[in-house]
């Protein structure tokens, strides 16, 4: 019998919607899993008071070493903060990668202690340097891998794109069993009109065409198309032809993804030695204490984490 699955939910900013969506999504845990929600005690008591939940009836823990059953627990620890919650969850999941996953709620960049760390993905890249990590967004309409995420455009060079595109195409086949590749993979060009055969930049000639020619036969996908002009790709007749999209930089992939999916969809970090998924929205500080935030994305992040964890158990 496989070991019971554990899902560590970090709620992010204390004055945001992370605690609210986590509480509403997981307080009635009907799965045979252990769910641990990392949050602030004062905020949890306040939310219980606001929503007429009995704080004294909640399962409270201050250590992950406790023997936990299939239920929902609230991880409370003196002097803890969103950054500590995330570090604790990552450390635990990385040591128990076959059975534990991290699901992150929204956390703003100013919550990270180091100025060189500009988000969850940045922290993970800094602490898992032996592997290539890819910010990846998953949705019903299409899935999207970013070759570069929070890198300023002025620093996105041809050499970086070639290295990352090569490594992304090395990584994706290992997820073929859980990500649908029934439709082709689309690779966006970097320049306007995908360079228009070298008339508007040479990145597509020097990077994309070179790499894609090498991988079309090697990977064994039915089809890989690219480089594709990004300005026309997101018409309905274009994006629906593809199951996976590879974008060169953050906004190229995420503006249309968030526009098309709204709160549907979630994020995962491909390449980690453990499972980490996340919501695809921000901290929602304007909705704090209003109890009106949607749980759609965090539930999708949890469902995706379960699928990915099943894959890890079978590796």
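Coordinate-derived values only; no laboratory data. Bear in mind the structure is a predicted one, so any value in this text is a computation, not a measurement. FYI the Cβ positions are ideal-geometry reconstructions off the backbone, even for glycines, and counts take in every protein chain you see.
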Open item on the list: So if I restrict to the alpha-carbon atoms in segment 140-263, what is the Rg, and what is Dmax, the biggest pairwise distance, in Å?
Closed with: 13.6, 39
Task: Extension gain (nm, one decimal) between residue 223 and residue 118, 0.36 nm per residue minus Cα-Cα - done: 34.3 nm
- [ ] May I ask you to compute the full-extension gain from residue 42 to residue 95, defined as 0.36 nm times their residue separation minus their alpha-carbon distance, rounded to one decimal in nm?
- [x] 16.1 nm
Task: Sequence-separation-based contact order of segment 116-255, relative, with Cα cut under 8 Å and 6+ spacing, percent - done: 33
Open item on the list: Please compute the length gained on full extension between residue 163 and residue 59, using 0.36 nm multiplied by the number of residues separating them and subtracting their Cα-Cα distance.
Closed with: 32.8 nm
- [ ] Sort 11, 34 so that the residue with the fewest other Cβ atoms within 10 Å of its own Cβ comes first and the one with the most comes last.
- [x] 34, 11
- [ ] Compute the label zone of residue 140 within segment 247-268: residues whose backbone N is under 12 Å from the point 7 Å along Cα-to-Cβ.
- [x] 261-265
Task: Residues 112, 175, sorted so that the one with the fewest Cβ neighbours within 10 Å comes first - done: 175, 112
Open item on the list: Is the C-alpha gyration tensor of segment 1-133 telling us rounded, prolate or oblate? Criteria: a/c under 1.5 is rounded; beyond that, a/b larger than b/c is prolate, otherwise oblate.
Closed with: oblate
- [ ] Identify which of the listed values of log10 I(q)/I(0) by the Debye sum over Cα atoms at q = 0.08, 0.14 Å⁻¹ was calculated from the structure shown: [x] -0.39, -1.26; [y] -0.38, -1.07; [z] -0.31, -1.01.
- [x] [y]
Task: Helix 250-261 vs. the chain, principal-axis angle (Cα, 0 to 90°, nearest 10) - done: 60
Open item on the list: Could you check the spin-label model distance between residue 151 and residue 129? Points 7 Å from the Cα along Cα→Cβ, value in nm.
Closed with: 1.7
Open item on the list: At 222 nm, what value in deg cm²/dmol follows for the chain if DSSP H runs of at least 4 each add -39500 (n - 2.57) and the sum is divided by all its residues, to the nearest 500?
Closed with: -10000 deg cm²/dmol
TODO: Would you order 277, 157 from fewest to most other beta-carbon atoms within 10 Å of each residue's own beta-carbon?
DONE: 157, 277
- [ ] Would you mind pulling out the separation of the Cα centroids of segment 256-311 and segment 82-115, in Å?
- [x] 14
Open item on the list: Just to be sure I understand the model, the point goes 7 Å from the Cα along the line to the Cβ. What's the resulting residue 4 to residue 202 distance in nm?
Closed with: 6.1
TODO: Calculate I(q)/I(0) for segment 16-82 by the Debye formula, one identical point scatterer on each C-alpha and no solvent, and give its log10 at q = 0.17, 0.24 Å⁻¹ to two decimals.
DONE: -0.58, -1.17
TODO: Considering Cα pairs under 8 angstrom that are at least six residues apart, work out the relative contact order of the chain and quote it in whole percent.
DONE: 24
